[in-house]
Amino acid sequence: MRKERSGRRCSKCRREFALEPKESPFGLHDLRMRQLAEKLGDGRGLRYTTTQLWYAAGRKKLPDPQKRYNGVRVFVTIAVVLFCFFAMVGRALPVPVGLCVALVAVAAANLLLRRYRTRIMDSVRIRIPVDFKVFQHSVLQRWATVYRFPPLGSVDESEALPPPVPQPRFAVLCPERSVLTCLAANDVTRRHDLALAQRIDQLPPAIPVILLHDASLPALRFAEQTRAQLAPRPVLNQLTPRTVLAKGALLRLRTQPPTPEELAAAPRNVLSQEEFDWLAAGCWSPIAALPPARLLAMMDKAVDRIEQATDPDRHRARMVGFLSWPA
């Protein structure tokens, strides 16, 4: 209980707590941090970055657009009722008439709000409520001070990436350093003979490229430009808006809607109307929020797809087809 841990110290064993849920960002405490670390490790000791930990800690604290809509409904209902109440108290309206007016006005206001429900909910900006630097200072540094080491399994993306493999078969291009750090920390570079790059000029020549980026309008433009610059090299794009809309578990954020000029530059040839509307509302999903297990599974699938597309033996096999047991 709070009174038993004054000064962030247990009153019985006198051991110090790293985090106080009443004061720490996201309401974190020590047990919750360990649970997050175990979940990111996926029960098999996967390494994760501090950015992935930040997203994992903050995703349950995101603003809820439905709550905003419900709050507007409650506010309007109370305002209408109070107006009618004071009108009846001031005898501007007889009590029976005032009650009828209140009921009709509340019903009309709710019908009107229901008509604009989507617009009200879309006006809510959805973002992680605590800045990453605040999280680093108030949580990670505090944890390292008390326990003498960072959270179990975490890696700092400011550390240098490992040297590239001698003869990479594929390259990964991702502007987010956190993603590349996670891949390197989990030995994906050696397992798939990958080269990691944050910029196009860092890519080795002549090998297929796996492109990792946010599901956002700027990221899609970046992908289109990258594909044009690297043509005719195979470029496999990952985490599209279609993927986010199909998988409800992926983190969805919403910022300021793009300008008409930005929407006009959107690659409409690769977007459905649903995807375009989602992006036009300012929605996006960060690639850095993917937990390590999902990110590694995405990489395995991408490598397999490229191998199927570039392997001549697999190409001949697809031309032949396959045989099933006669039925």
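The values are calculated or read from the model by the stated rules, or taken from the named source; none is laboratory data. Predicted model only: the values in this text are computed from it and were never measured. Cβ coordinates were reconstructed from backbone atoms using ideal geometry, including for glycine residues, and neighbour counts include every protein chain displayed. Accessible surface areas use protein heavy atoms only, side chains included; no ligands, DNA or RNA. Shrake-Rupley method; radii C 1.70, N 1.55, O 1.52, S 1.80 Å.
Summary of computed values
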read-out: Extension gain (nm, one decimal) between Ser11 and Asp201, 0.36 nm per residue minus Cα-Cα; value: 62.6 nm
read-out: 1.4 Å probe accessible area per residue over segment 166-301, in Å²; value: 44 Å²
read-out: The chain: calculated mean residue ellipticity at 222 nm from DSSP helix runs of at least 4, using -39500 (n - 2.57); value: -14500 deg cm²/dmol
read-out: Calculated log₁₀ intensity ratio I(q)/I(0) where the Debye formula runs over C-alpha points of the chain, q = 0.16 Å⁻¹; value: -1.33
read-out: Extension reserve of the Leu152-Lys60 stretch, reckoned as 0.36 nm per residue once the Cα distance is removed; value: 31.0 nm
read-out: Choice from Ile126, Ile287, Ile78 with maximal GNM fluctuation in the chain (Cα, 10 Å cutoff); value: Ile78
read-out: Whole-percent carbon and sulfur share, accessible surface of the chain, 1.4 Å; value: 58 percent
read-out: Those aspartates and glutamates that a straight Cα-Cα span of less than 19 Å connects to Lys3, excepting residues fewer than 8 apart in one chain; value: Glu16, Glu20, Glu23, Asp30
read-out: Kyte-Doolittle at least -0.5, axis length at least 15 Å by Cα - qualifying DSSP helices, the chain; value: 65-89, 95-115, 217-230, 292-310
read-out: With DNA, RNA and ligands ignored, accessible area of Ile200 (1.4 Å probe; Å², nearest 10); value: 50 Å²
read-out: Longest exposed-site-free window of the chain, the sites being chymotrypsin sites (Phe, Trp or Tyr not before Pro) in a DSSP loop that have at most 13 other C-beta atoms within 10 Å; value: 117-321
